[in-house]
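Each remark here refers to the structure printed beneath this line.
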Amino acid sequence: MKNLSRLDVICRLAFSMLLILPATLGAQQRPPIIEQIAKTYGLDSFGQVEAIHYTWNAEFPGGKVSRTWEWNPKTGLISYEGKDKEGNPVKATYQRSQIDSQSDAIKKDIDPAFSNDQYWLLLPFHIAWDGASVADDGLQKLPLGDGSVQRVVAKYPSEGGYQPGDTWELYIGADKRIQEMVYRRGAANPPHLVMATYADYKKAGPLLFSTDHRGTVDGKPLHLFLTDVSVKLTGSDNWINEQ
């Protein structure tokens, strides 16, 4: 998966732009629901976050993957713990702003994995931050469940975002939480289509996370879940665990 070259810039700008975000969105004439969704997940408090720790887990036909991350969004410092392609334990710590000087393992495997996992962690914020073109489609049928909810479609340009040309369909409940998601990849390489639920909501500090996702990836079963989510706030040495 392709590296998110703009992620650190976006996250650092977010801290200085949180107070003017509503005006910025208005100037771009993006639907108000984008800000409403992001605020539901704790956007207004993101500037207080010093670090986020979590383990990203995926189960699919033929295997399972677990990757543990600690990320400081203000400095771009990332710590990783997982396994390589041969199943050997791997640990790494690196600055994302210095990615060009890192090993091939970090550049080609670990950092792309961080990009992938971090989008699952903070998708509502990315839709608000990344500058995607957004449309509010009103009530639409859920792709996996029963009933109809509000659908918001974010389309990324040919550059930027998780992958250039990506489309994210968010199915939003009355509480402004994502209930389901459809991801259509703009790049030619797989996965091309991911459909997943957003469930088992938990809070860690001021942030809200969906920790369980079930659905399909290119038609095959997928179960993706986050565990051991915790947040450290600026000025504190204590981790606040998910509840």
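The table that follows gives values for the structure above.
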{"item": "Residues (in contact with a strand residue (DSSP E or B) (Cβ under 6 Å, 6 or more places away or on another chain), charged (D, E, K, R) and surrounded by fewer than 19 Cβ atoms within 10 Å (Cβ to Cβ)) located in the stretch 170-205", "result": "ARG184, ASP200, LYS202"}
{"item": "Residue among THR211, THR167, THR216, THR234 that is β-branched (Val, Ile, Thr) and under 20 Å from THR55 (Cα atoms)", "result": "THR211"}
{"item": "Count of the stretch 70-109 residues which are in contact (Cβ under 8 Å) with a residue 12 or more places away in the chain and of a type in the set (S, T, N, Q)", "result": "6"}
{"item": "Selection within the stretch 65-102 - in contact with a helix residue (DSSP H, G or I) (Cβ under 9 Å, 6 or more places away or on another chain) and loosely packed, with under 14 Cβ neighbours inside 10 Å", "result": "ASP84, LYS85, SER97, ASP100"}
{"item": "Residue satisfying all of: in the stretch 155-169; charged (D, E, K, R) and open to solvent by 50 Å² or more (accessible area, probe 1.4 Å); farthest from TYR119 (Cα to Cα) among these", "result": "GLU159"}
{"item": "Test: residue in the stretch 113-133 that is open to solvent by 10 Å² or more (accessible area, probe 1.4 Å), in contact with a strand residue (DSSP E or B) (Cβ under 8 Å, 6 or more places away or on another chain) and of a type in the set (Val, Ile, Thr)", "result": "no"}
{"item": "Elements of type strands (runs of 3 or more DSSP E) contained in the stretch 67-180, each with 3 or more residues being farther than 26 Å from ILE240 by Cα and not aliphatic (A, V, I, L, M)", "result": "133-141, 148-155, 167-172"}
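The values are calculated or read from the model by the stated rules, or taken from the named source; none is laboratory data. Source: prediction; values computed, not measured. We place every Cβ from the backbone using ideal geometry, glycine too, and count neighbours over all the protein chains shown. Ligands, DNA and RNA are stripped out before the accessible areas are found, and what is left, the full protein with its side chains, is counted by its heavy atoms. Shrake-Rupley method; radii C 1.70, N 1.55, O 1.52, S 1.80 Å.
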